[in-house]
Amino acid sequence: MPRTFEGPLDGAALRVAVVVARFNELITEKLLAGAVDTALESGVPDESIDVVWVPGAFELPMAAQWLADSGAYDAITCVGAVIRGETPHFDFVAGEAARGIADVARESGLPVTFGVITSDNLAQAQARAGGAVGNKGREAMLAAIEMATLRPLVDASMARREGSLA
Ligand code: INI
């Protein structure tokens, strides 16, 4: 039988941060609410949730890096909304946000999750911010919690395996 690892969605012991972009705030405030509500529903204590605002999605990776470097969090969720119709540099802003957030996650070893809507128009963004297609902030927080609780399971198992081989 293969050994299987899956992080439980239990945030009781976690400290989390949400980094939220102010650009398209009518959308991002809904993503923020989705992320915070999901953390609370998953058992993260209210006092263990911090929220950090930045100007736009382009700035999300830098703030996430600061928070990761602080050592104060088990997981970080980034939320933002980049809407193609509103900017000729959509691809740069969306691409840098995605690449930067992935870089911070890999380099810090901390779950830093991507709750950034990238859509063609406002209606598509609304649908993904608590509308018909769900809430990207909620999805990103669930991913953050799952990854944060998965890590110790994997670490402990690998340590046991190394111990048994020693
Ligand atoms: N930032 C966003 O979060 N979403 C957008 O749709 C957007 N548009 O349209 O340009 C946007 N631009 C600002 C950008 O994120 C930076 O804040 C700015 O370039 C300063 O670095």
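Of the residues in the stretch 28-36, not one is open to solvent by 70 Å² or more (accessible area, probe 1.4 Å) and away from the ligand (no atom under 16 Å from the Cβ).
Screening the stretch 47-166 for helices (runs of 4 or more DSSP H) wholly inside it with 1 or more residues that are surrounded by fewer than 20 Cβ atoms within 10 Å (Cβ to Cβ), more than 11 Å from the ligand (Cβ to nearest atom) and basic (K, R) returns the ranges 90-108, 136-165. I'd like to check something: does the stretch 128-142 contain any residue that is over 18 Å from A64 (Cβ atoms) and acidic (D, E)? Scanning the stretch 128-142 turns up no residue that is over 18 Å from A64 (Cβ atoms) and acidic (D, E). In the stretch 37-46, of all residues being among the hydrophobic types (A, V, I, L, M, F, W, C) and part of a helix (DSSP H, G or I), the one that is farthest from the chain's Cα centre (by Cα) corresponds to L40.
The values are calculated or read from the model by the stated rules, or taken from the named source; none is laboratory data. Given the structure is predicted, the values throughout are model-derived calculations rather than measurements. Cβ sites come from the backbone with ideal geometry, for glycine too, and all protein chains shown count toward neighbours. Heads up: the accessible areas ignore ligands, DNA and RNA and are worked out on the full protein's heavy atoms, side chains in. Shrake-Rupley method; radii C 1.70, N 1.55, O 1.52, S 1.80 Å.
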